[in-house]
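K.L.:
Take a look at this one; I'll ask things after.
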Amino acid sequence: MDRLIESMSRDEIVELLSDEDIDKLIQTRASDLSKLTSTDVVELPPEDDGQFTDNEFTKLCDDRDAYLALSEVEQQVAVRWAEIEALRKHYALFEDFMYDCMTELMGFQCSELQIDIARFLQSDTRYGMIQAQRSQAKSTIVAMFSVWQLIHDCKHRILIISAGSEVAAEIANWVIQIIMNWDILECMRPDRQHGDRASTKSFDVNWQLKGPEKSPSVACIGITANMQGRRADLLIPDDIESSKNGTTEVQRAALEHLSKDFPSICQKGRIMYLGTPQTVDSIYNKLPERGYTVRVWTGRYPTEDEQKHYGDTLAPYIVRQMDADPTLRRGGGISGDRGKPTDVMLLGEEILCKKELDQGQAYFNLQHMLNTELSDELRHPLKTKNLVVMNVPFDKAPGEIIWLPSPDKKIEVLGFQSKPQLYRPFTTSTETYEYEGKHMYVDTAGGGNNGDETVAAVTYFLHGYIFLAEVLRLPGGYGDEQYKALSALSMRHDVNSIDVEKNFGFGAFASAWRPIILATYKEAGKVNCPRIEDVWESGQKELRIIDTLEPIMARHRLIVNEEVIQYDLDASKKYPIDKQESYKFFHQMAKISRDKGSLIHDDSIDAVAGSCRKWVDRIAVDEQIRMEQKTTDENVAFFAEWGGEIGNNQNGVLGLSSDRFRKQTSKRNRKRR
């Protein structure tokens, strides 16, 4: 009986036994194993890992007697594994596999730069990113690398994630085409009769190589798909950030949150990003902070000024080429002031010049130089360098303020990721004048941990200049603390008028605040309490803010109190570190765009724009004329005191004192005439 059982296969034995008998056998076997001691276990030599050696199946196939002793299925398995062993030996280096795949299968040429990308892929970099110019075939190279990985580890699980599942399917389709169309990879092709999957969304290598595994060998999903339960040994996020889903701060925050799940999916394997940054705030630019190694292969050798943008991310291959031949940095481009092409075989000088003429410099720099500076310059219209920063006095200010971005006037500002460029006035007039008005605007918000802030901005007006005196940021809600703090702010600056955004609460905020501010002024012994007006804001918020501030800042008419800078940093420290930047006023100013939802929080910039909007109708004045008019007004008082008579003004212009006064004559002189 024992001999009969020994001659039977496992499947034949399972068919003869019932489920209960199988469970009993398993329990008995487990009990026997638990009784084993260290003396019962045969230890392997230190150099033996218990796995088949690289040529185990090759030796088996070469041994004719041993091979013929195998069953038909076992012979198929042995031959299949022997072919895999031969592939592993022949293609020990990925660059060799890529070169043959490109030249023999696809009919492409393989350049030195592409080989350098291949070497980076085969390196021991666990978390990395490849940034290369458009048409560099980086997705194709990664598809080949996926196949090479499956050759060297047939149990490898590859997951491709993109902005949309269709884009991810393109890389998966490349992997399938390589395996299905290259005759040397026939041994890896799936067998559907044994349950192997063979679609672009889920693809398996042959079951005899892969073994039992629920995850497919190659799978592709969109970034917004359900990623829980997924597992991978090689995770490829391919262009998960695009111009459609990564232009606003809200979109980038959502993408970054989703990408933080990648290490959970690929716990022991490798993650290799592919993509092009769309903005300077791209989630790709934050990868080095998360432990990723970023490599950038530009379309042209960068000039010395351009190289500063890349820091230590520029590919060492490109750096070595420039060090060996500095002339590569110049002589290229439409005007000859750019570097020469890095991959002459794939994208030469003529092709790159044609692309730059067709796409424009900003888009060319984004797609081929991986530089977002020009595109960001166009995307974000409010430039902090156009502000004038100075100590804003309470009662009087200079009548004329000249802006010039002189290096000696630049203010060193630390603590802002947006790196605002701020300058003090180049010159100011010696004459000072009383402000023509003071205004306060309150941008209201609800309460809650995730709510926005209630922000108040106080501005002064003089000679067409708007002085941002103070910004007060408070937690959202209707508490007495908020109302008292706002009342104290109004009284501290002696404002003439107050506007409150009516959109939130339909005027409830202002109605609840009015009795409190009246009581505050009464307790302080002040009679003239400013009137609180409700203002209904309409239209897209981002457009409203930009349309108000852009022309004011472009003429350097917005003067910011220097104390606002430090307050902006201090008021944000109460939030988590990763949230602080989005609450800062200068960050909101630098990063706002015309895209809806471009900012996570916009309360501070909205309040400042609301207060500046109060003075828009009065800003179109010439400060020189206004100063002369005020000098004339002083002369009016002087002549009136000494009996002067003011002349009539027909054209509505005050003019100079010499044109507006004539000497008064006595009655005796008039009679003589």
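The values are calculated or read from the model by the stated rules, or taken from the named source; none is laboratory data. What you see is a predicted model; the values in this text were computed from it and never measured. Glycine gets a Cβ as well: all are built from the backbone with ideal geometry, and neighbour counts include every protein chain shown. When the accessible area is computed, the model is the full protein with side chains, heavy atoms only, and any ligands, DNA or RNA have been set aside. Shrake-Rupley method; radii C 1.70, N 1.55, O 1.52, S 1.80 Å.
K.L.:
Percent of accessible area on the range 314-422 owned by carbon and sulfur, 1.4 Å probe?
P.N.:
Its accessible area is 52 percent carbon and sulfur atoms.
K.L.:
Each residue of the range 106-112 in order: what ³J(HN,Hα) in whole Hz does its phi give by Karplus 6.51 cos²θ - 1.76 cosθ + 1.60, θ = phi - 60°, with x for Gly and Pro?
P.N.:
The phi angles translate into 9, x, 9, 8, 10, 9, 5 Hz.
K.L.:
Another question, then. For K210, which lysines qualify as cross-link partners when the Cα separation must be under 26 Å and same-chain residues fewer than eight apart are set aside?
P.N.:
In chain and number order, the partners are K59, K89, K155, K201, K268.
K.L.:
Measuring from centroid to centroid over Cα atoms, what is the spacing of the range 151-204 and the range 270-322 in Å?
P.N.:
After rounding, the separation between the Cα centres reads 30 Å.
K.L.:
Given a 1.4 Å probe and every protein chain left where it sits, what share in percent of the accessible area of the range 497-628 is carbon and sulfur?
P.N.:
Details: 3290 of 6200 Å².
Answer for the range 497-628 is 53 percent, counting heavy atoms of protein chains only.
K.L.:
Which three lengths, in whole Å and largest first, does the range 206-279 cover when its Cα atoms are put on their principal axes?
P.N.:
48, 20, 19
K.L.:
Whole percent per 5 Å bin, from 0 to the bin with the longest distance: what is P(r) over all C-alpha pairs of the range 313-467?
P.N.:
All Cα pairs, binned at 5 Å, distribute as 2, 7, 10, 11, 12, 11, 11, 9, 7, 7, 8, 5, 1, 0 percent.
K.L.:
Leaving out ligands and nucleic acids, note down the accessible area per residue over the range 190-343 with a 1.4 angstrom probe, in whole Å².
P.N.:
It amounts to 44 Å² per residue over the range 190-343.
K.L.:
Let me ask something additional. Applying 1/(1 + (r/R0)^6) with R0 = 25 Å to the Cβ-Cβ distance of L404 and N285, what FRET efficiency is obtained, to the nearest 0.05?
P.N.:
Computed FRET efficiency for L404 and N285 comes out at 0.20.
K.L.:
When the Karplus curve 6.51 cos²θ - 1.76 cosθ + 1.60 is applied with θ = phi - 60°, which whole-Hz ³J(HN,Hα) does each residue of the range 273-289 get, with x for Gly and Pro?
P.N.:
Computed from phi, the couplings for the range 273-289 are 6, 10, x, 10, x, 9, 9, 5, 9, 4, 5, 5, 6, 9, 4, x, 5 Hz.
K.L.:
What would the Debye equation give as log₁₀ I(q)/I(0) for the range 91-156 at q = 0.16, 0.18, 0.25, 0.28 Å⁻¹, counting only Cα atoms as equal point scatterers?
P.N.:
So the normalised log intensities work out to -0.50, -0.64, -1.22, -1.46.
K.L.:
Continuing with the same structure: At a 1.4 Å probe radius, carbon and sulfur cover how many percent of the accessible area of the range 193-249?
P.N.:
Numbers: 1200 of 2440 Å².
That share works out to 49 percent.
K.L.:
Can you give the accessible area per residue of the range 390-525, in Å², using a 1.4 Å probe?
P.N.:
On a per-residue basis, the range 390-525 sits at 45 Å².
K.L.:
Here is a further query. Before I look further, what does the range 58-115 give for accessible area per residue, probe 1.4 Å, in whole square angstrom?
P.N.:
Averaged over the residues of the range 58-115, the accessible area is 58 Å².
K.L.:
What's the Kirkwood radius of the range 58-105 in Å, using all Cα pairs?
P.N.:
12.2 Å
K.L.:
With a 10 Å radius around each residue's Cβ, average the other Cβ atoms per peptide and rank 334-341, 71-78, 136-143, 522-529, highest first.
P.N.:
Listed from highest to lowest mean packing, they are 136-143, 334-341, 71-78, 522-529.
K.L.:
For G437, which sequence-distant residues (separation of 5 or more, or a different chain) have an amide H within less than 5 Å of its own amide H, given hydrogens modelled in the peptide plane?
P.N.:
Close amide H contacts, sequence-distant or interchain: F461.
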